[in-house]
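Colleague: One structure is given below, represented as structure tokens, and several questions about it will come after.
No lab work stands behind these numbers, since they all come straight from the coordinates. Keep in mind that what you see is a predicted model, and the values were worked out from it rather than measured. In this analysis, Cβ positions are derived from the backbone assuming ideal geometry, glycine residues included, and neighbour counts consider all displayed protein chains.
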Amino acid sequence: MLLVDADRPEPVRGGARELAVFLTPEPGAEAKEVEETIEGLLLRLEEFCSLADMIRSDTSQILEENIPLLKAKVVEMRGIYAKVDQLEAFVKMVRRHVSFLEAHVLQAERDHGALSQALRKWLGSSGLPALGNKRWAPVAPTFELPVLYRTEDYFPVDVGEVMP
């Protein structure tokens, strides 16, 4: 702080005043800069709040609309999974029946078809006219058809589902 004597001349006092004004900070410029910074922060805060509100509304929309749809799809998929399980069981059962029938067909071919034809060819080529012209009528053992499945027993047909 400058002490100003009353004895000193006026130019010293004037210089001291000018120096004091020069060294004193101007509050208007600094305050304006602080206000602009605060305005920018408030603007960003408002944008953040609006973004948070938008996320909240989207979340509530998802919870209210999409979750019930997903639950309905899960229930629908459980029904489809049950039908797929039934179909797999049906395919296994059909596979067993096909294997069984195939074994019976192979046995029947071995018993009747291949042997009698080979025997006829052999006798026909042997040169014995009496045996070659004679027709062999092998007695066929009776064949019983195995008990098969009915598809309707496993997959009931609804009237509405039947396609024309």
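Colleague: Mind checking which pairs have a first residue in the range 98-112 that is without any contact (Cβ under 8 Å) to a residue 12 or more places away in the chain and a second that is exposed (fewer than 11 other Cβ atoms within 10 Å of the Cβ) and assigned to a helix (DSSP H, G or I), Cβ under 8 Å, 6 or more apart or different chains?
Modeller: Listed by first residue and then by second, the contacts come to nothing, as the list is empty.
Colleague: Hey, another quick one. It is to be established whether one or more residues within the range 80-100 are in contact with a Leu (Cβ under 8 Å, 6 or more places away or on another chain) and under 30 Å from P156 (Cβ atoms).
Modeller: There is at least one residue in the range 80-100 that is in contact with a Leu (Cβ under 8 Å, 6 or more places away or on another chain) and under 30 Å from P156 (Cβ atoms).
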